[in-house]
Amino acid sequence: MTFKSNINDLRLLKVEEVKELLSLKTNSDVLFLIKTGELPGIQLSPRKYRVKNSDLANYIESKRVQVAQL
């Protein structure tokens with residue numbers, strides 16, 4: 001793994017950015033995923049959360065489904 005890819009893995013995304021990347025309707029949808037433990041998050045203050053880029057990538061990968069071939 002290169003230094004640049006390590007930096008990208010450590011990038012902290014704002015709730016708003018996660019919302020847009022996952023095509024969710026509200027920030028509350030992202031906060032729900034974080035607070036239920038489905039999406040790992042970092043609480044910086046009582047009202048400020050961040051998500052590691054690598055955690056978001058892992059979450060997306062976990063939702064991937066294999067489509068059966070006909």
Expected single match for open to solvent by less than 60 Å² (accessible area, probe 1.4 Å) and out of contact with any Leu (no Cβ under 8 Å at 6 or more places or on another chain) among LEU33, LEU56, LEU44, LEU24 is LEU24
Scanning segment 59-70 for residues that are within 11 Å of the chain's Cα centre (by Cα) and open to solvent by 60 Å² or more (accessible area, probe 1.4 Å), the one nearest to LEU13 (Cα to Cα) turns out to be ILE60
Heads up, the strands (runs of 3 or more DSSP E) in segment 12-70 (entirely inside) with at least 1 residues that are among the basic types (Lys, Arg) are 12-14, 48-52
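The values are calculated or read from the model by the stated rules, or taken from the named source; none is laboratory data. Every value quoted in this text rests on a predicted model; they were computed, and no experiment measured them. Glycine gets a Cβ as well: all are built from the backbone with ideal geometry, and neighbour counts include every protein chain shown. Only protein heavy atoms, including side chains, enter the accessible area calculation; ligands, DNA and RNA are left aside. Shrake-Rupley method; radii C 1.70, N 1.55, O 1.52, S 1.80 Å.
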